[in-house]
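Presented below is the structure to which this report refers.
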Amino acid sequence: MKLLLKAVTIASAIVATPVLAQTWTLDPEGSHLAYGSIKKDTVGEVNSFTGISGQVGSDGKADIKIDLSSVETNIDVRNERMIEYVFQKAGTASLTAQFDMAELSALSVGETTTVDVEAMLSLAGADVEFDTEMFVARLSETAVMVSTNDMVFISTEDAGVDAGIDKLMELADLPGITRTVPVTARLIFNLDDKKAEAEPAAAVATAAVSVEGDVKAGKKVFRKCSACHKLDEDRHTVGPSLYGIIGATAGQAEGFRFSKQLQESGIVWTPETLTTFLADPKGAVPGNKMQFRGLKKEADILNVIAYLRAETQG
Ligand code: HEC
């Protein structure tokens with residue numbers, strides 16, 4: 001279960017990608033949360049929960065509910081004992097987590113990464129905090145998969161279920177059940193279909209640029225530009241001043257010798273055109289003389305645009 005938390009957390013991070021700043025909903029069909037136990041040192045079993053639900057908000061806050069009564073041990077009487085003695089009829093366990101999104105915001109469709117996640121599991125009155133590494137794959141514009149990278153071990157004592165396990169041993173006449181439980185999770189999150197259709201990708205991206213770009217992070221990114229660009233008005237160095245660049249027409253700043261290619265491009269610098277240009281300056285305006293190979297991470301671009309706007313245009 002703890003794993004689940006983490007997974008959710010990670011997913012929230014992904015979800016919070018600037019371009020995807022919306023609520024993501026857990027897909028119970030595609031998701032799987034399981035834990036293992038070993039009895040008498042030799043008999044390994046896998047149990048799972050079929051009833052998991054939850055969301056990750058655009059602020060990166062993950063909130064997942066596990067319906068403890070949905071535990072599946074493949075034996076009815078054992079399910080009942082788990083619910084009664086181990087989970088103490090608690091109903092639901094909740095997993096909450098807050099993710100630092102900057103780390104994952106650059107993930108594009110088809111890309112994968114691993115992230116460190118901190119989360120908290122609340123089960124039958126006990127709160128367990130844990131850290132783990134999660135594997136994240138961006139399946140499509142509207143789907144993200146988060147899974148445990150390794151098994152996560154949870155102490156039954158920390159989770160407050162030791163007494164219940166004693167009871168199970170007694171009932172099943174077992175000499176031993178392991179007191180640390182390996183947990184694995186695969187969680188799939190989908191962007192709300194209707195929302196995704198209602199807002200074309202470009203519109204979402206634009207909104208994200210103006211709303212989600214992180215000025216502080218953008219200031220760091222700007223170090224890559226500052227060798228050639230100053231932000232003071234009319235202060236041109238290797239490159240033109242970027243004062244008031246958003247909304248300006250390309251290649252028009254007075255006192256700087258632009259290339260013909262840029263000067264005659266007719267581009268108006270909006271978050272969209274800047275995004276295209278900064279991702280691949282040479283490809284976007286062939287023959288321009290900015291000697292910079294571009295910013296690979298979309299988040300860096302969004303953040304540097306936010307910084308340019310904040311610094312010179314309020
Ligand atoms: C190695 C120097 C260099 C670096 C690094 C560099 N630029 Fe440039 N940039 C230039 C030059 C030179 C031009 C003018 C290109 C031309 O006239 O063809 C330019 C042009 C631009 C323009 C168009 C300005 C206008 O008035 O139309 C923008 C926007 C821009 N750069 C943004 C950036 C950002 C943001 C970064 C950092 C992520 C960056 N540049 C990094 C040298 C650089």
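Contact order, relative form, for region 208-314: 37 percent (alpha carbon pairs under 8 Å, 6 or more residues apart, mean separation divided by residue count). Could you tell me what % of all Cα pairs in region 36-123 have separations over 16 Å? The calculated P(r) of region 36-123 puts 66 percent of pairs beyond 16 Å. Relative to a virtual label point 7 Å from the Cα of E170 in the Cα→beta-carbon direction, which members of region 59-90 show backbone nitrogen distances below 13 Å? It comes to 85-86, nothing else.
By how many nm would the segment from E157 to Q261 grow when fully extended, if each residue of separation counts as 0.36 nm and the alpha-carbon distance is taken off? Could the numbers behind the result be given before it?
Working: separation 104, 0.36 × 104 = 37.44 nm, distance 6.81 nm.
Gain on extension, E157 to Q261, equals 30.6 nm.
The GluC sites (Glu not before Pro) of region 234-308 meeting both criteria, a DSSP state outside H, G, I, E and B (loop) and at most 16 other C-beta atoms within 10 angstrom of the site's C-beta, are E254, E264.
Using the Cβ-Cβ distance between T114 and E72 with R0 set to 35 Å, the FRET efficiency from 1/(1 + (r/R0)^6) comes to roughly 0.80. At q = 0.14, 0.19 Å⁻¹ the log10 of I(q)/I(0) for region 201-313 amounts to -0.51, -1.00, computed by Debye summation with a single uniform scatterer per C-alpha, solvent ignored.
If each residue's Cβ is checked for other Cβ atoms within 10 Å, how do W269, W24 rank with the fewest at the top?
Numbers: W269 18, W24 26.
Final ranking by Cβ density, sparse to dense: W269, W24.
Just so you know, all these numbers are worked out from the coordinates, no wet-lab data involved. No experiment lies behind these values; they were computed from the predicted model shown. Glycine also receives a Cβ, built like all others from the backbone with ideal geometry; neighbour counts cover every protein chain displayed.
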